[in-house]
Amino acid sequence: MNDLKAVLIKNRKPLLLALLAAAAVSWFLGSSFINLIHNKLEYKRLTRLSAQLDKEYEALQAQRELLEKQDPQYIEKIARVQYHMSLPGETEYRFKTK
């Protein structure tokens, strides 16, 4: 224990300089490192969002193609599901779900 104390007292100046240097580096680079981590997380989030939007775009393109072809079955499905339309003589039943 006394040997460690003696070494610390003997090397007090270099240790203090090393500590000050480490503090200066962390002071100047600390915020940059935090920004780097933040940007990396934001990049991952935006990459996931981009993949999701690509899937939505493909689905909308497929819908557009079916509407441009005027596919009667697809148009009937859209009319029934989105606009709650029914053929003459049909009765539409609606049930509340929890």
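Every number here is computed from the coordinates shown, using simple stated rules; none is lab data. Every value quoted in this text rests on a predicted model; they were computed, and no experiment measured them. Cβ: placed from backbone, ideal geometry, glycine included. Neighbour counts: every protein chain shown.
Before moving on, here are some points about what is shown:
- Too-long pairs where the Cα-Cα distance tops 31 Å, listed order kept, from Lys13/Lys40; Lys55/Lys77; Lys55/Lys98: Lys13/Lys40
- Residue-by-residue Karplus 3J(HN,Hα) for region 18-28, coefficients 6.51, -1.76, 1.60, Hz, glycine and proline x: 5, 5, 5, 5, 5, 5, 5, 5, 5, 5, 7
- Compared with the direct C-alpha span, the chain from Thr97 to Ile34 gains 18.0 nm at full extension, assuming 0.36 nm per residue.
- Between the Cα long axis of helix 72-83 and the first principal axis of the chain there is an angle of about 70°, rounded to the nearest 10.
- Rh by Kirkwood over Cα pairs, then Stokes-Einstein D for the chain at 1.306 mPa s and 10 °C, µm²/s: 75
- Spin-label model distance (nm) - Glu58 vs Ala24, 7 Å beyond Cα toward Cβ: 5.5
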